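Remarks on the structure that follows.
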Amino acid sequence: MATLQAVSGSLTASERGILTAINSGASSLSLVGSGFIVLCYLLFKELRKFSFKLVFFLALSDMFCSFFSIIGDPSKGYFCYAQGYATHFFCVASFLWTTTIAFTLHRTVVRHKTDVEDLESMFHLYVWGTSVVMTVIRSIGNHHHGHISRVAAWCWAQTGLTGQVVHFVTFYAPLWGAILFNGFTYFQVIRMLNNATRMAVGMSERGHQSDARSDMKALNRWGYYPLILIGSWFFGTINRMHDFIEPGHKIFWLSVLDVGMAALMGLFNSIAYGLNSSVRRAIYERFDLFPDRFGRLLPRNLRQRGQQQDSELISLKTEGQ
């Protein structure tokens with residue numbers, strides 16, 4: 001097997017080194033963030049509700065995606081294939097798990113179904129099965145060529161038109177399908193909950209109206225969830241499109257945004273999906289077991305929010321299942 005090319009295109013050795021450093025640093029942050037959510041799920045029994053279990057598998061996928069990205073920049077051989085396929089598999093699994101969370105919210109809030117926990121096995125089949133299929137298709141595409149090369153800082157896809165098409169079909173097509181599904185689903189969920197909250201504000205006493213409005217603000221935060229995938233992979237999509245138009249010519253600043261934002265996906269997911277009121281409350285309760293001087297070390301907003309019941313993902317009807 002031929003030695004891997006460094007980065008397809010016109011980037012210099014110093015620019016490739018910068019991209020590798022950005023990838024390692026950003027992936028390390030994502031690894032820490034997603035690893036923290038995984039650790040919280042394993043340590044805190046009160047978090048082991050079905051809704052947070054989906055967040056756990058999302059964080060687990062992000063953690064492995066970040067890990068294999070960190071050990072990237074391999075030079076040649078089968079190790080490059082293994083690293084590239086593993087990164088591809090877990091990154092696809094990551095954004096597919098976000099669709100299961102969106103589906104769960106929609107089925108619970110909009111359709112008023114209480115059977116989402118019974119669908120867990122279907123979720124696993126859908127996420128892991130689709131990830132395997134996309135990775136196998138990519139591997140078949142790679143075998144049509146004598147070598148593969150790295151896109152940005154990873155062993156990602158082979159050069160040539162066929163390799164770029166395979167990359168789009170096996171990664172960016174399901175990615176943007178997930179973005180569209182999440183956006184449409186969260187739009188319906190937020191619209192219904194906002195309407196219900198407005199009705200509650202109109203019918204409730206004045207003393208309860210401020211609580212309802214604060215709940216509405218919390219619900220509106222769900223609208224930012226689809227933006228995580230868009231922000232993480234927008235520049236990567238533009239970069240791949242540029243590769244189609246001008247193959248062999250890389251734009252350094254675009255590659256920097258591509259690598260940096262994609263590698264931060266795990267961190268963004270861990271903050272948005274994982275650090276909800278239940279996690280903050282569980283952490284606060286553990287610190288509260290220590291003397292007051294240790295509890296004061298926590299930021300004030302964490303201590304306050306740890307005692308509140310925010311309207312977030314974990315507080316849906318799925319919590320009682």
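The values are calculated or read from the model by the stated rules, or taken from the named source; none is laboratory data. None of the values given here were measured: they were computed from a predicted structure. Glycine also receives a Cβ, built like all others from the backbone with ideal geometry; neighbour counts cover every protein chain displayed. These area figures cover heavy atoms from the full protein model, side chains too; ligands, DNA and RNA do not enter into them. Shrake-Rupley method; radii C 1.70, N 1.55, O 1.52, S 1.80 Å.
List of remarks:
- Within the stretch 150-171, residues that are on the phi > 0 side of the Ramachandran plot sit with their Cβ atoms under 7 Å from residues that are at pLDDT below 60, at 6+ positions apart or across chains, in these pairs: Ala152/Val7; Gly160/His145.
- Verdict on Val169 being modelled with pLDDT of 75 or more and more than 19 Å from the chain's Cα centre (by Cα): yes
Condition check ((1) under 26 Å from Gly236 (Cβ atoms); (2) in a loop (DSSP other than H, G, I, E, B); (3) modelled with pLDDT under 55; (4) not hydrophobic (A, V, I, L, M, F, W, C)) across all residues:
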residue: Val259; (1), (2), (3), (4): yes, no, no, no
residue: Leu267; (1), (2), (3), (4): yes, no, no, no
residue: Ile271; (1), (2), (3), (4): yes, no, no, no
residue: Val279; (1), (2), (3), (4): no, no, no, no
residue: Ala282; (1), (2), (3), (4): no, no, no, no
residue: Asn301; (1), (2), (3), (4): no, no, yes, yes
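- Any hit, the stretch 146-154, residues being aliphatic (A, V, I, L, M) and modelled with pLDDT of 90 or more: no
- The set of residues in the stretch 77-105 being open to solvent by 10 Å² or more (accessible area, probe 1.4 Å), at pLDDT below 75 and either at positive phi or of a type in the set (A, V, I, L, M, F, W, C) (or both) consists of Gly77, Phe79.
- Taken together, the criteria exclude Thr114 from residues that are open to solvent by 10 Å² or more (accessible area, probe 1.4 Å), more than 20 Å from Val38 (Cβ to Cβ), assigned to a helix (DSSP H, G or I) and polar (S, T, N, Q).
- The stretch 36-50 residues that are without any contact (Cβ under 8 Å) to a residue 24 or more places away in the chain, paired with ones that are open to solvent by less than 60 Å² (accessible area, probe 1.4 Å) and in a helix (DSSP H, G or I) (beta carbon under 7 Å, 6 or more apart): Tyr41/Leu47; Tyr41/Phe52; Tyr41/Phe56; Arg48/Tyr41
- When restricted to residues that are at pLDDT below 85 and not in a helix (DSSP H, G or I), the stretch 213-257 contains 5.
- Every test in (1) open to solvent by 30 Å² or more (accessible area, probe 1.4 Å); (2) farther than 30 Å from Leu193 by Cα is passed by Tyr126 save one, and that test is (2).
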